[in-house]
Amino acid sequence: MSAAEPPVRGNQAHAFSRSDRSPLGVWWWTIDRWLLGAVAILIALGLLLSFAASPAAAARMNVGDPFHFALRQSVFAVIGSAMLVGVSMLSVRNVRRLAFFIYLGAILLMIALPFLGHSAKGATRWVEFAGFTLQPSEFMKPALIVLVAWMFAEGQKGEGVPGVTIAFCLYALSALLLLIQPDIGQTVLITVAFGAAFWMAGVPLSWIMILGVLAVLCLSSTYFIFSHVADRVNRFLSPEAADTFQVDRAAEAIAAGGLFGRGPGEGVMKRHVPDLHTDFIYSVAAEEYGLVFSLIVISLFAFIVIRGLYRALKLSNPFEQVAAAGLFVLVGQQAIINVAVNLNMMPTKGMTLPFLSYGGSSLIASGLTLGMALALTRRRPGAFAPSEGLAKAGAFA
């Protein structure tokens, strides 16, 4: 170092100094970098698993390039990462605005699905354009949580805004359109996240109990209304009397992995199961990298949810608090459902594992979800109250 060059000290050694007031500099010093790092690791692991499962999936589907799906997933990962970073830089007001427009666009596409949608496996959930298959419901979910949290917060102000009524209407419309597809798994997911947001908004416990009973009754009724739901439940309850090929192979893959796995690329079950690179990617991870790796994946999701909820509950603004917590619950619940299906602890749902399963809609929407959550939990003047906790109970009483 020449005498003319000042030594690099303290904060100047970082990519951004604390005095850097550029958008990226402000973002870097206000974002929760632990959460950001955990998400980055999940995205990297998703790419690793995609390259492991891609050749078998490409061969089974007669795709020329063995890494066709892995390369596509790499593109999705770049877009999803850009989505996460870009959205996490937004202000709280712009998060609300973005949620409104995304919800509106997703709902319009979901309404058009019966007429323009692409059908697969007995469901119409996707829109095809320019070689890309988009699942609108994936983007509707985080937007719905932000909007209902906004409405709950407006209802708390006592200024005549029927926030609770509007929130229930938004949820009911979303659930109805999901049932039309039909997509029971996503309906359950948004119901749990909506219920969590409703509870965190400070409603009386009696309301929560009534809504919980209604949700259980409605969920039970799907067994009698939708034949595929009855079939999946029957297969789960009586596996000896039904075809449980995918679940059995997934369980064998997990068992074959042992503690440290067969080794990268050495898994054999992915060659025989159609959805192992999507819904059953957890089984690929367990077979090739073992139980220890699987627990690391689960720990990453647990860390994101627990730390995210901790930061959300410290926020002073009721909207920010409920919206951020609801978004973290959404991600955690989806991960729980996917892993539980892989472990044969619940009926199959056709639900992806965030950031790890193959699929552009899932990966990009996961980036949107946590991008919103990170934006809401960024450090801002007055954002975090000295006294931690939820919004006061009885706000709607």
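When you scan the range 121-135, do you find a residue that is in a helix (DSSP H, G or I) and touching a residue at least 40 places away in the same chain (Cβ under 8 Å), even just one?
No, the range 121-135 has no match at all.
Name the residue, out of A197, A143, A172, that is under 20 Å from I336 (Cβ atoms), modelled with pLDDT of 80 or more, assigned to a helix (DSSP H, G or I) and of a type outside the set (V, I, T).
Being under 20 Å from I336 (Cβ atoms), modelled with pLDDT of 80 or more, assigned to a helix (DSSP H, G or I) and of a type outside the set (V, I, T) holds for just one of A197, A143, A172, which is A197.
Among A286, A324, which is modelled with pLDDT of 95 or more and either touching a Ser or Thr at 6+ places or on another chain (Cβ under 6 Å) or hydroxyl-bearing (S, T, Y) (or both)?
Residue meeting the stated conditions: A324.
If you scan the range 61-98, which residues turn out to be touching a Pro at 6+ places or on another chain (Cβ under 7 Å) and either surrounded by 19 or more Cβ atoms within 10 Å (Cβ to Cβ) or at pLDDT 95 or above (or both)?
Answer for the range 61-98, where residues must be touching a Pro at 6+ places or on another chain (Cβ under 7 Å) and either surrounded by 19 or more Cβ atoms within 10 Å (Cβ to Cβ) or at pLDDT 95 or above (or both): just M89.
Being at positive phi and out of contact with any Lys or Arg (no Cβ under 8 Å at 6 or more places or on another chain) narrows it down to one residue among G155, G202, G195, G160; which is it?
After ruling out the rest, the residue left standing is G160.
Residue-by-condition table, conditions (1) under 23 Å from L98 (Cβ atoms); (2) modelled with pLDDT under 85; (3) over 20 Å from the mean Cα position of the chain (by Cα):
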site	(1), (2), (3)
G122	no, yes, yes
E128	no, yes, yes
F152	yes, no, yes
T165	no, no, yes
I184	no, no, no
S206	no, yes, yes
V213	no, no, yes
V216	no, yes, yes
S227	no, yes, yes
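Of everything in the range 172-210, what is surrounded by 23 or more Cβ atoms within 10 Å (Cβ to Cβ) and aromatic (F, W, Y)? Give them in sequence order.
Selection gives F194, F198.
Of the residues F319, F384, F328, only one is over 18 Å from W27 (Cα atoms), in contact (Cβ under 8 Å) with a residue 60 or more places away in the chain and among the aromatic types (F, W, Y); which?
Just one listed residue meets the conditions, F319.
Tally time: how many residues in the range 337-366 are over 19 Å from W126 (Cβ atoms), touching a helix residue (DSSP H, G or I) at 6+ places or on another chain (Cβ under 6 Å) and assigned to a helix (DSSP H, G or I)?
Count: 2.
Which number in (1) buried (at least 18 other Cβ atoms within 10 Å of the Cβ); (2) not in a loop (DSSP other than H, G, I, E, B) marks the one condition that L108 misses?
Tallying (1) buried (at least 18 other Cβ atoms within 10 Å of the Cβ); (2) not in a loop (DSSP other than H, G, I, E, B), L108 fails exactly one: (1).
Can you confirm whether the range 76-85 contains a residue that is aliphatic (A, V, I, L, M), part of a helix (DSSP H, G or I) and closer than 28 Å to M269 by Cβ?
Yes, that holds for at least one residue.
This table checks each residue for (1) exposed (fewer than 15 other Cβ atoms within 10 Å of the Cβ); (2) touching a helix residue (DSSP H, G or I) at 6+ places or on another chain (Cβ under 7 Å); (3) modelled with pLDDT of 90 or more.
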residue: F236; (1), (2), (3): no, no, no
residue: A241; (1), (2), (3): yes, no, no
residue: A255; (1), (2), (3): yes, no, no
residue: G258; (1), (2), (3): yes, yes, no
residue: G261; (1), (2), (3): no, yes, no
residue: L276; (1), (2), (3): no, yes, no
residue: Q333; (1), (2), (3): no, yes, yes
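Determine, yes or no, whether V161 is outside any helix (DSSP H, G or I) and either closer than 21 Å to F101 by Cβ or of a type outside the set (D, E) (or both).
Yes.
Output the qualifying pairs, or none if there are none: Cβ atoms under 9 angstrom, residues six or more apart or on different chains, first residue in the range 26-43 and touching a residue at least 60 places away in the same chain (Cβ under 8 Å) and more than 13 Å from F303 (Cα to Cα), second residue aliphatic (A, V, I, L, M) and part of a loop (DSSP other than H, G, I, E, B).
So the pair list comes out as W27/M89; I31/M89; I43/L356.
Within the range 257-274, identify whether any single residue is under 18 Å from the mean Cα position of the chain (by Cα) and hydrophobic (A, V, I, L, M, F, W, C), and answer yes or no.
No, there is no match, as no residue in the range 257-274 is under 18 Å from the mean Cα position of the chain (by Cα) and hydrophobic (A, V, I, L, M, F, W, C).
Going by the structure shown, is I43 surrounded by fewer than 19 Cβ atoms within 10 Å (Cβ to Cβ), farther than 26 Å from A383 by Cα and β-branched (V, I, T)?
no
If you take the residues in the range 49-60 that are among the aliphatic types (A, V, I, L, M) and surrounded by 16 or more Cβ atoms within 10 Å (Cβ to Cβ), which one is nearest to G371 (Cα to Cα)?
L49
The values are calculated or read from the model by the stated rules, or taken from the named source; none is laboratory data. These numbers were taken from a predicted model, which means no experiment stands behind them. Every residue, glycine as well, gets a Cβ built from its backbone with ideal geometry; the counts of neighbours run over all protein chains shown.
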